[in-house]
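Working notes, structure below.
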Amino acid sequence: MKNALSDEVDERKVNANLYVIENGHGSFELAEKFASFGDDRDLLKFATESIKKIDPIGKIPLGFTLGFVATYPDVLLWWNSLPDEKQDSVLNDFDENDFLDENQKIKLRYLKIIVETYKKDIGKQLECSPN
């Protein structure tokens with residue numbers, strides 16, 4: 001299935017990552033405890049390695065939606081590792097007055113630039129891509 005950025009994604013991985021963010025408050029260990037009963041336990045086996053490394057407090061930069069984080073946790077970790085100068089160079093043509101939408105989230109066109117730069121720089125398949 002394709003997402004808003006036109007990447008093929010495995011919905012099970014995205015849903016598992018979203019479960020970790022929403023029910024475990026970003027902690028995979030807490031999500032596992034919360035999911036100890038029911039079908040949610042089976043869903044967690046699809047969670048990506050990157051989502052397990054994201055600490056939601058201070059690690060999810062302002063402006064990124066939870067849906068983006070669940071779909072692109074590897075991109076977010078990479079983005080967080082970049083110095084400010086490199087982040088600025090990736091978004092070299094951004095307009096500060098047009099960067100965020102009405103909900104104070106980064107607009108889709110800028111998210112596409114970030115993801116495409118990641119794919120070019122890293123050169124490997126996205127974690128949430130279908131296997």
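Numbers for the structure displayed
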read-out: Of residues in the stretch 80-98 being of a type in the set (D, E, K, R) and not in a helix (DSSP H, G or I), the one most open to solvent (accessible area, probe 1.4 Å); value: Asp93
read-out: Residues of the stretch 36-75 satisfying the condition of being farther than 21 Å from Lys112 by Cβ, open to solvent by 50 Å² or more (accessible area, probe 1.4 Å) and not in a loop (DSSP other than H, G, I, E, B); value: Asp40, Arg41, Asp42, Glu49, Lys52, Lys53, Ile57, Gly58, Lys59
read-out: Test: residue in the stretch 92-106 that is on the phi < 0 side of the Ramachandran plot, in contact with a Leu (Cβ under 7 Å, 6 or more places away or on another chain) and basic (Lys, Arg); value: no
read-out: In the stretch 99-109, residue modelled with the lowest pLDDT [restricted to those that are out of contact with any Asp or Glu (no Cβ under 9 Å at 6 or more places or on another chain) and open to solvent by less than 60 Å² (accessible area, probe 1.4 Å)]; value: Phe99
read-out: Residue pairs meeting the criteria (Cβ under 7 Å; at least 6 apart or on separate chains; first under 14 Å from Ser89 (Cβ atoms) and without any contact (Cβ under 8 Å) to a residue 60 or more places away in the chain, in the stretch 110-131; second open to solvent by less than 80 Å² (accessible area, probe 1.4 Å) and β-branched (Val, Ile, Thr)); value: Ile113/Val90; Ile114/Val75; Ile114/Val90; Thr117/Val90; Tyr118/Val75
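The values are calculated or read from the model by the stated rules, or taken from the named source; none is laboratory data. All values reported here derive from a predicted model rather than from experimental measurement. Using ideal geometry, Cβ is built from the backbone for each residue, glycine included, and neighbour counts are taken over all protein chains shown. To get the accessible areas, we keep the full protein, side chains included, count just its heavy atoms, and leave off ligands, DNA and RNA. Shrake-Rupley method; radii C 1.70, N 1.55, O 1.52, S 1.80 Å.
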